[in-house]
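Sharing a structure below in structure tokens format, with a few things to ask.
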């Protein structure tokens, strides 16, 4: 259950990053509501996940999901560069997160 909460927290983190982009483009109340809701959900789920998952592992996986998700979102939704080195380093983040889950 805690791992599902952690994965969902990471996805909410990506949604929060998307909301930051929306607020930067046009600062309407809906963008702000999405921003606050996404980060509130993200932190709440992360806090729940840390009841059973060690802090270091939970935080690393959470930030990894946010980093990879934000980078992929930027590449495909906002036309950021899709250089092969970016993909290599995204893969390293993913492998690291999987490794932390595996040893936990």
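Among 56, 74, 64, whose mean-square fluctuation peaks in a Gaussian network model of the chain (Cα, cutoff 10 Å)?
Greatest mean-square fluctuation among the candidates belongs to 56.
Hey, in the GNM for the chain with a 10 angstrom Cα cutoff, which one of 42, 31, 91 fluctuates hardest?
Largest GNM mean-square fluctuation: 91.
Rounded to the nearest 0.05, what FRET efficiency do residue 75 and residue 40 give with R0 = 22 Å and r taken as the Cβ-Cβ distance? Could you check?
Working: r = 27 Å, r/R0 = 1.22.
With R0 = 22 Å, the Cβ-Cβ based efficiency is 0.25.
Could you work out which residue, out of 92, 46, 11, moves most in a Gaussian network model of the chain, that is, has the largest mean-square fluctuation with Cα springs under 10 Å?
In the Gaussian network model the winner is 92.
Treat the count of other C-beta atoms within 10 Å as a stand-in for reagent exposure and order 76, 89 from fewest to most. Don't jump to the answer; show the numbers that get you there.
Values: 76 10, 89 14.
Least to most surrounded, the residues fall as 76, 89.
Modelling each spin label as a point 7 Å along the Cα-to-Cβ direction, I'd like the residue 84/residue 23 distance in nm, to one decimal.
My value for the distance between the label points is 3.9 nm.
Starting from the Cα-Cα distance between residue 101 and residue 59, subtract it from 0.36 nm times their residue separation and give me the gain in nm to one decimal.
Values: separation 42, 0.36 × 42 = 15.12 nm, distance 1.16 nm.
Contour length minus Cα-Cα distance gives 14.0 nm.
Give me the distance between the Cα centres of segment 48-70 and segment 1-26, rounded to whole Å.
If you average the Cα positions of each part, the centres end up 12 Å apart.
Values in this text are rule-based calculations from the coordinates and carry no lab data. Just so it is clear, the structure is predicted and the values come from calculations on it, not from any experiment. Every residue, glycine among them, receives a Cβ derived from its backbone with ideal geometry; neighbour counts consider all protein chains shown.
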